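One structure is given below, encoded as structure tokens.
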Amino acid sequence: MRRGWKMALSGGLRCCRRVLSWVPVLVIVLVVLWSYYAYVFELCLVIYLILYHAIFVFFAWTYWKSIFTLPQQPNQKFHLSYTDKERYENEERPEIQKQMLIDMAKKLPVYTRTGSGAVRFCDRCHLIKPDRCHHCSVCAMCVLKMDHHCPWVNNCIGFSNYKFFLQFLAYSVLYCLYIATTVFSYFIKYWRGELPSVRSKFHVLFLLFVACMFFVSLVILFGYHCWLVSRNKTTLEAFCTPVFTSGPEKNGFNLGFIKNIQQVFGDNKKLWLIPIGASPGDGHSFPMRSMNESQNPLLANEEPWEDNEDDNQDYPEGLSSLALETET
């Protein structure tokens, strides 16, 4: 009886958690809908409406894609078979378990390790983690090339939707900037007392305040992710250097500026600004600098890339909270 109550309570808490996880998304949607109403119907800035709607459509499109593009999970070949799972769980000696994972990983394109040099294994999903894959405690699954779990889209940002998330940030910045600059002239009129309507005064002040507030925070976040893309890093990799079979290497996936961008947005530059398609590859394995050097003797003779002071800089407070789940 008591067990039944505990199960019912646990199920109720999970249901409440799922409902509450949509609150940040609902807040953003309500703010955006109000901004649309205030800008289009209250202020009615006719000469600005065409460009405004173009930006609004791309903003809404990329936000939708960021929310509803499901995170991609590792395919079946990375999961332990039933027999291997039984052997692994029944084995009590850690060194034997470690060797079992090493033997299984030899058949897989896995080149990253834990800090101790062991094969990266998820004991909750029962799989050998592909490179750049991490377990998200919020989504309760392993996510390919996980960047972070974002409460504002109620989704895990990773291989399948990182392109859309970056586009969403870019169009959000553009959206806020456009509203702020076009409403500023009305703010001047308000300051001079040339706006007789009390309701118009409220919308002008609030539009300008909200647009500027979101613009500042979004510019910081977008700039940080642009830096990550330029180095071909995820948020998790920026805070925890990936470890390869040869040892830690913070530039292990850095292929050069242009190729790093192509790793996220693809080779077709015409689609870089449109939320269509996805990042190249299958999300399970990624080109590495060490492999490029071995295939190109000119690269092998170059001096190793050194990170600039950017790698040691203090990021704005709050960015580290984006990575809700680190290596387990």
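The values are calculated or read from the model by the stated rules, or taken from the named source; none is laboratory data. Every value quoted in this text rests on a predicted model; they were computed, and no experiment measured them. Don't worry about glycine lacking a Cβ; one is built from the backbone with ideal geometry, like all the others, and counts go over all protein chains shown. SASA here: full protein model, heavy atoms, side chains in, ligands and nucleic acids out. Shrake-Rupley method; radii C 1.70, N 1.55, O 1.52, S 1.80 Å.
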| request: Might you let me know whether the stretch 173-194 holds any residue that is closer than 29 Å to Thr69 by Cα, modelled with pLDDT of 90 or more and within 18 Å of the chain's Cα centre (by Cα)? | output: yes
| field | Whichever residue in the stretch 57-105 is among the small types (Gly, Ala, Ser) and closer than 30 Å to Asn155 by Cβ and, among such residues, is modelled with the lowest pLDDT | value | Ala105
| query | Across the stretch 72-100, what is the total count of residues that are touching a helix residue (DSSP H, G or I) at 6+ places or on another chain (Cβ under 8 Å) and not aromatic (Phe, Trp, Tyr)? | reply | 6
| field | Residue that is surrounded by the fewest Cβ atoms within 10 Å (Cβ to Cβ) [pool: residues in the stretch 121-146 that are touching a Leu at 6+ places or on another chain (Cβ under 9 Å) and assigned to a loop (DSSP other than H, G, I, E, B)] | value | Ser137
| request: Filter the stretch 259-283 down to residues that are open to solvent by less than 40 Å² (accessible area, probe 1.4 Å) and either within 16 Å of Ala170 (Cα to Cα) or in contact with a Lys or Arg (Cβ under 9 Å, 6 or more places away or on another chain) (or both) and give me whichever is modelled with the lowest pLDDT. | output: Ser279
| task | Could you pull out the residue among Gly117, Gly158 that is open to solvent by less than 50 Å² (accessible area, probe 1.4 Å) and on the phi > 0 side of the Ramachandran plot? | result | Gly117
| task | Tell me which of these Thr181 doesn't satisfy, since it passes every other one: (1) open to solvent by 30 Å² or more (accessible area, probe 1.4 Å); (2) in contact (Cβ under 8 Å) with a residue 12 or more places away in the chain. | result | (2)
| message | When you check Glu95 against the structure, is it outside the structural domain of Pro275 (by the TED database) and over 30 Å from Arg289 (Cα atoms), yes or no? | response | yes
| query | Among the residues of the stretch 245-258, how many are crowded, with 18+ Cβ neighbours inside 10 Å and in contact with a strand residue (DSSP E or B) (Cβ under 7 Å, 6 or more places away or on another chain)? | reply | 1
| said: Report every pair of residues separated by at least 6 positions or lying on different chains whose Cβ atoms are under 6 Å apart, first residue within the stretch 12-40 and under 26 Å from Thr181 (Cα atoms), second at pLDDT 90 or above and among the polar types (S, T, N, Q). | reply: Val25/Asn154
| Among the residues of the stretch 69-108 satisfying the criterion of being among the β-branched types (Val, Ile, Thr) and assigned to a helix (DSSP H, G or I), which is nearest to the chain's Cα centre (by Cα)? | Ile102
| task | Output yes when any residue across the stretch 152-172 is part of a loop (DSSP other than H, G, I, E, B) and either over 18 Å from Ala278 (Cβ atoms) or over 16 Å from the mean Cα position of the chain (by Cα) (or both), and no when none is. | result | yes
| said: Suppose the filter is charged (D, E, K, R) and surrounded by 17 or more Cβ atoms within 10 Å (Cβ to Cβ); does Lys233 pass it? | reply: yes
| said: Show the residue pairs meeting these rules: Cβ distance below 9 Å; 6+ apart or different chains; first residue within the stretch 132-146 and without any contact (Cβ under 8 Å) to a residue 24 or more places away in the chain; second residue surrounded by 24 or more Cβ atoms within 10 Å (Cβ to Cβ) and among the hydroxyl-bearing types (Ser, Thr, Tyr). | reply: none
| said: Of the residues Val29, Val40, Val23, only one is out of contact with any Pro (no Cβ under 8 Å at 6 or more places or on another chain), surrounded by 12 or more Cβ atoms within 10 Å (Cβ to Cβ) and under 30 Å from His134 (Cβ atoms); which? | reply: Val29
